[in-house]
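Take a look at the structure set out below.
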Amino acid sequence: MRVSGDWIDNPATQAVCHAIECAGHQALFVGGCVRNALLDRPVSDIDIATDADPHSVSDIAERAGFKVAPTGIDHGTVTVIAQGIPHEVTTFRQDIETDGRRAVVAYSPHIEDDAARRDFTMNALYARRDGTVIDPLGGLPDLLARRLRFVGDADARIREDYLRILRFFRFHAIYGDPEGGIDAEGLAACARHAPAISGLSAERIGAEMRKLLAAEDPAPSVAAMERAGVLAQVLPSGDARFLAVLVHLEGGLPPRWLRRLAVLGGEDVTDRWRLSRAESRDLSHIRDALGAMSTPAVLGYRLGATLAGDTILARAALFGTAPPDDWTAEIARGASTAFPVKPADLMPALQGAALGTRLKELEAQWLQSDLRLPREALLG
Ligand code: ATP
Ligand code: MG
């Protein structure tokens with residue numbers, strides 16, 4: 001089995017591996033790039049595993065004329081930048097001790113150690129510079145069957161790092177086979193350890209959940225999370241029932257995690273997922289607009305096309321109604337229409353607070369007309 005793709009053929013990437021190999025070490029692609037190349041999916045970042053220690057990697061790369069950033073040199077990672085492409089080069093590692101959040105790691109000369117500390121079998125695949133796949137744990141059949149499984153004993157692996165619970169649902173959503181369903185053993189282990197999620201930082205929970213909800217169809221995975229008691233940990237009062245309907249209504253529109261989150265509901269999500277001020281504001285806009293029956297055009301005018309679209313779809317999913325036929329065109333009309341009355345139209349007859357009040361009244365009339373009343377009629 002071989003991997004291929006522009007990323008692996010890139011002369012800069014080849015040169016990085018070549019330099020490490022010339023110094024007498026192994027340089028193997030690992031993780032997401034190998035997995036995605038085998039699944040014919042886009043490769044976004046390049047991880048390389050090596051038996052060279054991080055200081056040697058730095059020296060080798062600098063001598064070969066590459067820029068080096070000691071991104072995580074303490075836990076074995078240096079970033080080698082070649083032709084503007086970052087390559088994360090990490091020394092083979094072995095976990096010595098873990099407390100569920102941080103691991104004490106030691107470098108290892110053996111690929112088997114490195115593979116054994118990775119989370120899922122489909123993430124423990126390696127490839128040589130010429131594309132030959134190396135599969136120390138037998139993860140390839142799992143990947144080809146799109147079966148997400150923990151490396152080794154699921155309970156033990158989760159106890160080492162509780163974030164793996166959330167990664168389990170995320171990777172299943174993106175790479176799992178929806179027909180084959182979620183791995184029962186992994187799911188049961190996630191359910192047993194769900195309460196430990198409360199020990200994870202809000203940043204890490206938020207980052208994982210954003211990625212999960214941005215999957216093409218996160219609904220089956222989120223439903224499994226709910227059954228396992230994991231959703232209640234990350235999103236108390238969240239309700240997964242309407243997510244599948246939403247994804248169906250989206251009909252292949254680009255996924256938006258915030259739109260999906262709006263349909264899940266839940267409490268304190270700003271704190272629990274460490275939403276930015278802008279994210280939190282957008283979510284409130286959608287939630288506030290869900291109950292009010294504003295038309296697509298009015299939503300487009302008030303919220304802009306993106307949030308208006310989120311609101312229309314979320315509303316349809318939650319209330320079990322079809323979105324109006326022409327909703328995209330109507331949102332576009334609203335988003336590109338400006339309120340036709342300007343303060344100057346009412347001055348000098350009106351000033352100050354009275355001017356503000358009148359403008360508000362006229363805007364309300366105009367919204368009531370679905371943005372159709374022309375300026376003359378409003379001023380008439
Ligand atoms: P993507 O970057 O598309 O999210 P990825 O598989 O590259 O997917 P990363 O988070 O970049 O995921 O991690 C790279 C590799 O490091 C993974 O494929 C996996 O082998 C390993 N890894 C990352 N996080 C963990 C973890 N918490 N526990 C065990 N192994 C991990
Ligand atoms: Mg990655």
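If we scan the stretch 36-43, do we find a residue that is touching a strand residue (DSSP E or B) at 6+ places or on another chain (Cβ under 7 Å), within 12 Å of ligand 2 (Cβ to nearest atom) and at pLDDT 95 or above? It would help to see each step written out before you state the result.
Pass one, the stretch 36-43, residues touching a strand residue (DSSP E or B) at 6+ places or on another chain (Cβ under 7 Å): none.
The answer is no; no qualifying residue exists.
Annotation note: of 352, 356, the sole residue that is at pLDDT below 95 and not aliphatic (A, V, I, L, M) is 352. Based on what the data block shows, is residue 127 crowded, with 19+ Cβ neighbours inside 10 Å, out of contact with any Ser or Thr (no Cβ under 8 Å at 6 or more places or on another chain), farther than 21 Å from residue 214 by Cα and of a type in the set (A, V, I, L, M)? The answer is yes for residue 127.
Cβ-Cβ contacts under 6 Å between residues 6 or more apart (or on different chains), taken from a first residue in the stretch 1-24 that is in the same structural domain as residue 78 (by TED's automatic domain parsing) to a second residue that is part of a loop (DSSP other than H, G, I, E, B) and basic (Lys, Arg), are listed as 17/129.
Could you pull out every one of the helices (runs of 4 or more DSSP H) wholly within the stretch 261-323 that has 2 or more residues that are of a type in the set (A, V, I, L, M) and either without any contact (Cβ under 8 Å) to a residue 60 or more places away in the chain or under 23 Å from residue 201 (Cβ atoms) (or both)?
On the way: elements: 269-272, 277-291, 296-319.
Fully inside the stretch 261-323 and qualifying: 277-291, 296-319.
Residues satisfying the criterion are absent from the stretch 3-10 (criterion: over 13 Å from residue 92 (Cα atoms), among the hydroxyl-bearing types (Ser, Thr, Tyr) and part of a helix (DSSP H, G or I)).
For the stretch 51-85, the set of residues classified as open to solvent by less than 30 Å² (accessible area, probe 1.4 Å) and either within 14 Å of ligand 1 (Cβ to nearest atom) or under 22 Å from the mean Cα position of the chain (by Cα) (or both) consists of 72, 76, 77, 79, listed by residue number.
Apart from one condition, residue 299 fits all of (1) over 23 Å from the mean Cα position of the chain (by Cα); (2) more than 28 Å from residue 230 (Cβ to Cβ); (3) surrounded by fewer than 22 Cβ atoms within 10 Å (Cβ to Cβ); the exception is (3).
The values are calculated or read from the model by the stated rules, or taken from the named source; none is laboratory data. Just so it is clear, the structure is predicted and the values come from calculations on it, not from any experiment. Cβ atoms come from the backbone with ideal geometry, glycine included; neighbour counts cover every protein chain shown. Each accessible area value is taken on the protein alone, full model and side chains, heavy atoms only, with ligands, DNA and RNA left out. Shrake-Rupley method; radii C 1.70, N 1.55, O 1.52, S 1.80 Å.
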